1. Got a sec? Which of Asp185, Asp147 is assigned by TED's automatic domain parsing to the domain that holds Arg116, among the acidic types (Asp, Glu), at pLDDT below 85 and part of a loop (DSSP other than H, G, I, E, B)?
2. Show the residue pairs meeting these rules: Cβ distance below 8 Å; 6+ apart or different chains; first residue within region 29-49 and among the acidic types (Asp, Glu); second residue surrounded by 17 or more Cβ atoms within 10 Å (Cβ to Cβ).
3. Against the condition surrounded by 15 or more Cβ atoms within 10 Å (Cβ to Cβ) and within 30 Å of Arg116 (Cβ to Cβ), how does Asp96 come out, does it pass?
4. In region 70-91, which residue that is of a type in the set (Lys, Arg) and touching a residue at least 24 places away in the same chain (Cβ under 8 Å) is nearest to Leu30 (Cα to Cα)?
5. Which residue out of Gly153, Gly164 is under 26 Å from Met1 (Cα atoms) and either among the basic types (Lys, Arg) or out of contact with any Ser or Thr (no Cβ under 9 Å at 6 or more places or on another chain) (or both)?
6. Given the residues Ile125, Ile109, Ile94, which is the only one that is without any contact (Cβ under 8 Å) to a residue 60 or more places away in the chain, under 19 Å from Ala165 (Cα atoms) and of a type outside the set (S, T, N, Q)?
7. How many residues does region 134-150 hold that are in contact with a Ser or Thr (Cβ under 7 Å, 6 or more places away or on another chain) and under 18 Å from Val218 (Cα atoms)?
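The values are calculated or read from the model by the stated rules, or taken from the named source; none is laboratory data. As the structure is a computational prediction, the values presented were derived from the model and not from experiment. Don't worry about glycine lacking a Cβ; one is built from the backbone with ideal geometry, like all the others, and counts go over all protein chains shown.
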Amino acid sequence: MPWLRVGDTSITHPVVLRALELEEADGRTLWELFGFVTACAIHAAGHKTDYVVELGTIRSIAGLSEAPRLIKSAIACGYFTEVQGEDGRKAYKIIDDHELFHMRLKEDIEWENRQRNDTRNKTFIVPIRKRDGDACRWCGKVVFWGDQKGPRGATYDHIKPGHGAVTPDDMVVACRSCNSSRKNDVFAWANRTPLPVPEEPRYGQKTARFLADNGEPVEEVYALPIEVKSAERFVPVEPTGEVDSAAVEPAPVEPETLAPEATGPKTVDPSPVEAPEEETYNFDLERMDEALENAPDWVKEAHAQSAKAVEPETPAPASWTPSIAPWATAPNNSADLSHSESLAISRATDLDMPGRDGTGSRNTNHKKDSVVSDKATSVPKPRRRRRRRRRKKTNEQ
């Protein structure tokens, strides 16, 4: 997939700052020139022209009138280099600097697509897996199909990087560690050749199933005795010949030894303890005084203790009379009362004060708006208090 990368510090790159050295430079020259070259780089990366933009592309981006001026400024700063395009047409190549502009080349994109297509082509991978089995042709270690992250994961590797496969001999089975170290560098392992084709390839469960599904059935073979850390496991082949059970001597079985019983002090059930019988004494309640005289001493003591526990009631004094408030006997006509008497009555009967009747009202007007409940009792309707807003005092100047 094509892409373009603009460096994080590209705006402070020396090539970008050269725009301020031009004779006709002003406040917008740096940003105008940088945006123009960035648009040309995006066009070159998308169409895979390898940093080359033709004159027609530049005119379509900058306009016919501004194109000559911007091309001249870009060449002076180092953005562009004049080259010859296809069919001898005039073109310009953008600077290739990873700190400024970096794009994928057409050759790299085509090689990545070719690699993906070759590793999915069954005309190649089926004969390769049947020939190499589950062993890396570079290091000889067993590989595991389906492992997408580990170094022992199985992959297909081109013997000549950068050249697509034409026959199955151009690719081998390789572990991810060897394939990643080779990458696409032709000269990295130039003096190293793959291991010879194994005479008896080792096939795991997944490889045997894959080959059987593609018309190449093979026998599943037990792999080398290694520690398997992946999900791929090899199943040993069952013996084909019959085994004589009489020739096999059973292993002697040792008799089972029982653990000794735990010896400890024996517990003896305690004998039941009989509760002492309670001593009772019956006597006639009507002749209680005579019965107490003839009763034993413990009855007399119990009777004396019970008599002390009961406190006698204290009778009310004979001279006590309920007190009557002075306002209770006040006449109905309040006009005959003095000022002090009427004040005392109003203080004693004022239930409209806040907190007295639970409504918080300061007057008796709420009694007119009483609400009748289901039990036919008059319930005073609460009133809301109005908050007075304080006016801010403004200093007169």
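1. On the way: Asp147 fails: at pLDDT below 85.
Just one listed residue meets the conditions, Asp185.
2. Matching pairs, first to second residue: Glu32/Leu70.
3. When the stated conditions are applied, Asp96 does not pass them.
4. First, the residues of region 70-91 that are of a type in the set (Lys, Arg): 72, 89-90.
Retained after the next criterion (residues that are touching a residue at least 24 places away in the same chain (Cβ under 8 Å)): 89-90.
Numbers: Arg89: 29, Lys90: 25 Å.
So the residue we want is Lys90.
5. Within the list Gly153, Gly164, the selection yields Gly164.
6. Of Ile125, Ile109, Ile94, the one residue that is without any contact (Cβ under 8 Å) to a residue 60 or more places away in the chain, under 19 Å from Ala165 (Cα atoms) and of a type outside the set (S, T, N, Q) is Ile125.
7. Residues of region 134-150 that are in contact with a Ser or Thr (Cβ under 7 Å, 6 or more places away or on another chain), as a first pass: 134, 144-145, 147, 150.
Next, from what is left, pick out any that are under 18 Å from Val218 (Cα atoms): 134, 144-145.
Residues meeting the conditions: 3.
One line per residue, one yes/no per condition, for (1) assigned by TED's automatic domain parsing to the domain that holds His163; (2) touching a strand residue (DSSP E or B) at 6+ places or on another chain (Cβ under 9 Å); (3) among the β-branched types (Val, Ile, Thr); (4) loosely packed, with under 13 Cβ neighbours inside 10 Å:
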| site | (1), (2), (3), (4) |
| --- | --- |
| Thr81 | no, yes, yes, no |
| Glu86 | no, yes, no, yes |
| Thr123 | yes, no, yes, yes |
| Arg129 | yes, yes, no, no |
